Amino acid sequence: MLMRKLTRAALVTTGVIAILAGTASAQDKVKVTFLFDNAPSTVAMAEALATAFEAKHPNIDIETESRPGGADGDNLIKTRLATGEMADVFLYNSGSLFQAINPTQNLVDLTNEPFQANVIDSFKSVVTGTDGKVYGAPIGTAMGGGILYNIPIYKELGLTPPKSWAEFMANNEKIKAAGKTAVIQSFGETWTSQLFVLGDFYNVLAADPNFPADYTAGKAKYATTPVAMKGFERQEEIFKGGYLNEDFAAATFPDGVTKVATGEGAHYPMLSFAVANIKELAPENINDVGFFAIPGDDAANNGLTTWMPSGLYIPTTSKVQAEAKEFIAFVASIEGCDVQTASAGAAGPYLVKDCKLPADVPPVVADLLPYFQEGGHSAPALEFLSPIKGPALEQITVEVGSGIRSAADGAALYDEDVKKQAQQLGLPGW
């Protein structure tokens, strides 16, 4: 873990916060600890929010701390909740992973907090426990899971964003023939390996609208549902095509973002929140990266798998719950949205009422927004339609994406992983 307080001064000088309003002696201040993942964009956003909040509340000190992402981060969250050592406010997933941390036992009920009037109902549904109570508030924006692509490479080779998988593979072949890396993978951080499976869910749902209910009831499996298998098969196909960067096994998420931004590779399967990391890591290339949904078999029914923002939560063990709620209320406000946009950029629409995006959004966001608008084609990721997400998926997709395990074996192994998770959740039918 890395304690980050010294970067606050930089945020002040860059205009995120111009003046610290008021002062309070150290002994008068209430300390609120804030835990979040270590993605560069998250760190920048969290530090900016802490600084802005402290400027308005000089009696409260927000002490920030970052943690790993992926499975390591999941395990740390669960361990700290179990041992009573969780930070006063923590950032974590909404949807199925939220359900896996036993919110009804571990988290403070936020249902009736005044700030919830600002939160759009579609977000509340993904941070609601089995008791019907709301336990979180949004941080960041809604986003899409698809393909980041390098616009200069596409222009150089005369390519257009594909609407079908066949078109995507044809583009990959042309990029490879030109001596360039077609698809970037960053398996050095295993969580980044899942997009070909998770981001394909719009196509699964379009072909089988009953899949989420049947999957949750233990009736539908990845290995025995051909349309659901395709995510694993397509990841295998990409590896066998020889389209990957040479360092795919060791490259990290920041490497992947930088490679697609600077043209070291043409495609990077990723959530659109990565636009904020491009702004952080390769700002001069922010307009060189576009976005398209992971294409399926039918170009006429091309659509996007969408993700809700992460949530902010308060553990029941916090001794400063009133102050923690004040901080969350600030984040879930128009002013909070503006601080987030200024510090990390916006990767999609906010789930807080009346929060606006700037007119000059980067191409990634401009490409994303039509999927969310009326007439656009989008569907929530499976983790927002079912409480089940097997924790080993990121290791399995690394193996499939590296040629270590076949797509069929990977899907079957994931079905076993899902079964364990469903049984732990006590779901019927398992």
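The values are calculated or read from the model by the stated rules, or taken from the named source; none is laboratory data. Owing to the predicted nature of the structure, the values given are computational and were not obtained by experimental measurement. Virtual Cβ from ideal backbone geometry, glycine too; neighbours counted across all protein chains shown. The area values use the complete protein model at the heavy-atom level, side chains included, leaving out ligands, DNA and RNA. Shrake-Rupley method; radii C 1.70, N 1.55, O 1.52, S 1.80 Å.
Counting the residues of segment 46-79 that are over 24 Å from Ser193 (Cβ atoms) and either open to solvent by less than 10 Å² (accessible area, probe 1.4 Å) or outside any strand (DSSP E or B) (or both) gives 17.
A single entry from Gly70, Gly84, Gly95 fulfils the requirement of being over 21 Å from the mean Cα position of the chain (by Cα) and small (Gly, Ala, Ser): Gly84. If you check Ile314 against the conditions, is it open to solvent by less than 20 Å² (accessible area, probe 1.4 Å), of a type in the set (Val, Ile, Thr) and either closer than 24 Å to Tyr135 by Cβ or touching a Pro at 6+ places or on another chain (Cβ under 9 Å) (or both)? Judged against the criteria, Ile314 is a match. With the condition kept exactly as written, say whether any residue in segment 225-235 is free of Cβ contacts under 8 Å to residues at least 40 places away in the same chain, hydroxyl-bearing (Ser, Thr, Tyr) and either surrounded by fewer than 17 Cβ atoms within 10 Å (Cβ to Cβ) or more than 18 Å from Ile151 (Cα to Cα) (or both). Scanning segment 225-235 turns up at least one residue that is free of Cβ contacts under 8 Å to residues at least 40 places away in the same chain, hydroxyl-bearing (Ser, Thr, Tyr) and either surrounded by fewer than 17 Cβ atoms within 10 Å (Cβ to Cβ) or more than 18 Å from Ile151 (Cα to Cα) (or both). Here Ala344 fits the description: closer than 22 Å to Thr42 by Cα, within 19 Å of the chain's Cα centre (by Cα) and of a type outside the set (Val, Ile, Thr). Could we say that Asp367 is open to solvent by 30 Å² or more (accessible area, probe 1.4 Å), in a helix (DSSP H, G or I) and in contact (Cβ under 8 Å) with a residue 24 or more places away in the chain here? Considered against the rule, which asks whether it is open to solvent by 30 Å² or more (accessible area, probe 1.4 Å), in a helix (DSSP H, G or I) and in contact (Cβ under 8 Å) with a residue 24 or more places away in the chain, Asp367 comes out as yes. Taking Glu323 and the conditions (1) assigned to a helix (DSSP H, G or I); (2) under 19 Å from the mean Cα position of the chain (by Cα); (3) closer than 30 Å to Thr33 by Cα, which numbered condition does it fall short on, given that it satisfies the others? In the conditions (1) assigned to a helix (DSSP H, G or I); (2) under 19 Å from the mean Cα position of the chain (by Cα); (3) closer than 30 Å to Thr33 by Cα, Glu323 misses (2) alone. Helices (runs of 4 or more DSSP H) fully within segment 226-305 that include at least 1 residues being under 27 Å from Glu374 (Cα atoms) and at pLDDT below 95: 274-281.
Taken over segment 260-290, the criterion of being open to solvent by 10 Å² or more (accessible area, probe 1.4 Å) and touching a Phe, Trp or Tyr at 6+ places or on another chain (Cβ under 7 Å) is satisfied by Leu271 alone.
Restricting attention to segment 132-166 and to residues that are surrounded by fewer than 16 Cβ atoms within 10 Å (Cβ to Cβ) and touching a helix residue (DSSP H, G or I) at 6+ places or on another chain (Cβ under 8 Å), the residue that is farthest from Met45 (Cα to Cα) turns out to be Leu157.
Checking each residue of segment 381-392 against the condition of being among the basic types (Lys, Arg), open to solvent by less than 40 Å² (accessible area, probe 1.4 Å) and either in a strand (DSSP E or B) or in contact with a helix residue (DSSP H, G or I) (Cβ under 9 Å, 6 or more places away or on another chain) (or both) gives at least one match.
For segment 124-131, the criterion of being under 25 Å from Pro370 (Cα atoms), touching a Ser or Thr at 6+ places or on another chain (Cβ under 8 Å) and either β-branched (Val, Ile, Thr) or surrounded by fewer than 18 Cβ atoms within 10 Å (Cβ to Cβ) (or both) is met by at least one residue. Going through Gly410, Gly348, Gly336 one at a time, which residue ends up being assigned to a loop (DSSP other than H, G, I, E, B) and in contact (Cβ under 8 Å) with a residue 12 or more places away in the chain? When all the criteria are applied, what remains is Gly348. Restricted to segment 81-107, and to residues there that are part of a helix (DSSP H, G or I), closer than 28 Å to Leu198 by Cα and open to solvent by 40 Å² or more (accessible area, probe 1.4 Å), the residue that is modelled with the lowest pLDDT is Gln99.
Residue pairs whose Cβ atoms lie under 8 Å apart, separated by 6 or more positions or on different chains, with the first residue in segment 42-61 and without any contact (Cβ under 8 Å) to a residue 40 or more places away in the chain and the second in a helix (DSSP H, G or I) and acidic (Asp, Glu), are Asn59/Asp28; Asp61/Glu54.
For segment 414-422, indicate whether the set of residues that are touching a helix residue (DSSP H, G or I) at 6+ places or on another chain (Cβ under 7 Å) and in a loop (DSSP other than H, G, I, E, B) is non-empty. Among the residues of segment 414-422, not one is touching a helix residue (DSSP H, G or I) at 6+ places or on another chain (Cβ under 7 Å) and in a loop (DSSP other than H, G, I, E, B), which makes the answer no. Would you confirm, using the coordinates I've provided, whether Ala342 is open to solvent by 40 Å² or more (accessible area, probe 1.4 Å), assigned to a helix (DSSP H, G or I) and in contact (Cβ under 8 Å) with a residue 60 or more places away in the chain? The answer is yes for Ala342. Residues being charged (D, E, K, R) and open to solvent by less than 40 Å² (accessible area, probe 1.4 Å) are represented in segment 31-41 by at least one member. Taking the criterion of being under 17 Å from Leu271 (Cβ atoms), open to solvent by less than 40 Å² (accessible area, probe 1.4 Å), in a helix (DSSP H, G or I) and not small (Gly, Ala, Ser), the residues of segment 167-202 that qualify are Thr192, Gln194, Leu195, Phe196, Val197, Leu198, Phe201, Tyr202. Could you list all residues from segment 7-30 that are open to solvent by 60 Å² or more (accessible area, probe 1.4 Å) and modelled with pLDDT of 50 or more? Ala26, Gln27, Asp28, Lys29 - these are the residues of segment 7-30 that are open to solvent by 60 Å² or more (accessible area, probe 1.4 Å) and modelled with pLDDT of 50 or more.
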